[in-house]
Amino acid sequence: MIGMLLRGINIRAEMSMSSQDMGDLAIGDLVIGTVLNGWIAFDGVYRKATNYTRENLPTTRYAAVVDPLNVSTKFMALIDVGGSQPNPTPVLRTLNIGIGGEGYEPVNVELKPTV
């Protein structure tokens, strides 16, 4: 999943609001990871402020997808880019994503493979 931040939130060491604060995510930042129980696990951030340059993290970190105290409040928009692949060898290609929403400036992002 790709998560695009709709509001600024904390990066956490674990999937808990009381977990150690490991930094911040800003509106428009992108994270790519696995979603479980309202949290996304990720190891890098594509920062809007740096034209979506990837910032690698030293280990897996977590961010709430929705407000744990009010799950109807979304912290990020999710885009499912997964799915089962018949070929176990992944084919990496440039990923172009257009993201927008009511009250938000549209953003176009191009993610290029590193290999």
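Some values worked out for this structure:
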| quantity | calculated |
| --- | --- |
| Subset of segment 80-110 that is within 18 Å of GLY33 (Cβ to Cβ) and surrounded by 13 or more Cβ atoms within 10 Å (Cβ to Cβ) - its residue that is modelled with the highest pLDDT | VAL109 |
| Segment 31-40, residues that are under 22 Å from GLY98 (Cα atoms) and surrounded by 13 or more Cβ atoms within 10 Å (Cβ to Cβ) | VAL31, ILE32, GLY33, VAL35, ILE40 |
| Qualifying residue in segment 33-53 (condition: modelled with pLDDT of 95 or more, more than 14 Å from ILE2 (Cβ to Cβ), among the hydrophobic types (A, V, I, L, M, F, W, C) and in a strand (DSSP E or B)) | yes |
| Residue match in segment 17-30 (condition: surrounded by fewer than 19 Cβ atoms within 10 Å (Cβ to Cβ), free of Cβ contacts under 8 Å to residues at least 24 places away in the same chain, hydrophobic (A, V, I, L, M, F, W, C) and in a strand (DSSP E or B)) | no |
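The values are calculated or read from the model by the stated rules, or taken from the named source; none is laboratory data. Please read these numbers as outputs of a predicted model, since none were measured by experiment. All Cβ positions, glycine included, derive from the backbone under ideal geometry; neighbour counts span all protein chains shown.
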